[in-house]
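Working notes, structure below.
The values are calculated or read from the model by the stated rules, or taken from the named source; none is laboratory data. Keep in mind it's a predicted model, so treat the numbers as computed, not measured. Every residue, glycine among them, receives a Cβ derived from its backbone with ideal geometry; neighbour counts consider all protein chains shown. Areas reflect the complete protein model, heavy atoms only, side chains present, ligands, DNA and RNA absent. Shrake-Rupley method; radii C 1.70, N 1.55, O 1.52, S 1.80 Å.
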Amino acid sequence: MSIGATLAAARRRARLTVSEVSQNTRVTEPIIQGIEHDDYAACGGDFYARGHIRAIARAVGEDPSPLIDEFDATWRSAKEITAAEAFQPSMPLRKRERRRVRWTAILAALVLAVLGFASYKFVSGVGRSQPAAATSPRPSPAGGNTNPPASAPAVQGSTVPTNTGPAGPAQATPTVAPSTATPVAAQALASASVAAFGPAGTADGDNPQLAAQAVAGNPAAPWYSQWYATPEFGNLKNGTGLLLDMGHPVTVSSVQLSLTSPSGADIQLRAGNSPVQPDLQQVASASDAGGTVPFHLAAPVRARYLLIWFTKLPPDNAGTYQARVYKIAVQGQP
């Protein structure tokens, strides 16, 4: 059975029409019909004929290898083109392409030459005109300043004044650049240490072992004072508090205190450079305070020590009075 008869029988077994095989293989129907009749003239050569046979055979479920071998043995041409020759453009096309490339290169060279000459003339003209403008300033009225020539480059940072007065020669006036210095923003300042503080100083502060908890920021574990029967400490003392040592003198702009107790506390903020009460001067205060307590300073204060001093205690849940502090935030400049 010939190649064409074999492919036609396989197509019928696969229940495919010539049109369906053409759609699956992208081989035109006339070529398929010609191959089924062993006519390969429309294929365009042995190289294309092999490709069409292989594609049709795979589409109809036939092994293409024996068919290709039979084609080479029976239908192979005396002079066969190779794959490279099949896809190689013809000689006239190559000649036209070379001529097109050659003329393109010549045109590009001419354009570059014209642009180069124009650039040279422009640069040389500018070079001659600048000295002349520089050596021939316009006259100015007596006692006035001379205007810079129109071609002179502007000085960076300068401004050109606008003459809104009477007609006359404009005078260049220097401008002073505004200062770029800006106030330094306040920042959080950390204390070097914190201690419980009483009327006699750190020697009789309330619960000194808990003092560090006053700056830890944990509301569940605050520093707390001793409890007292009255807001005025049961007439046992005139106050209690916490002393912050900043480590060195700093500029304090604000202080914020965080309490776990409700309102009812009277508190003073004191500052100084010595850790004794007479040297710690009051710089701010808060009355009937509770929760978050901001201290507003009239002006920044330079000091090393800050004293949070309770002069009246808030009530606690047991019917007594007690201070509870879990955070002290200091803002300023070191």
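List of remarks:
- Computed over the stretch 1-64: relative contact order in percent, which uses C-alpha pairs under 8 Å that are six or more apart: 41
- Counting only protein heavy atoms and using a 1.4 Å probe, the accessible area of K327 comes to about 100 Å².
- Full extension of the chain between N238 and A109 gives 36.5 nm of extra length, using 0.36 nm per residue less the Cα-Cα distance.
- Against the criterion of solvent-accessible heavy-atom surface with a 1.4 angstrom probe, T320, T17, T240 sort, most first, into T17, T320, T240.
- Here the Karplus relation 6.51 cos²θ - 1.76 cosθ + 1.60, evaluated at θ = phi - 60°, turns the backbone of the stretch 271-282 into coupling constants of 9, x, 10, 9, x, 10, 4, x, 8, 9, 8, 6 Hz, with x for every Gly and Pro.
- Descending Cα extents along the principal axes, the stretch 180-334, whole Å: 58, 27, 26
- Signed unit charges on C-beta, dipole axis of the stretch 227-303, positive-most listed residue A265, A289, M246: M246
- Remark: the stretch 251-266, residue by residue, has Karplus-estimated 3J(HN,Hα) of 9, 9, 9, 6, 9, 10, 10, 10, 10, 9, 8, x, 5, x, 8, 9 Hz, where x stands for each Gly or Pro and the curve is 6.51 cos²θ - 1.76 cosθ + 1.60 at θ = phi - 60°.
- Tensor-based shape of the stretch 25-73 (alpha-carbon gyration tensor, a/c under 1.5 rounded, otherwise prolate or oblate): oblate
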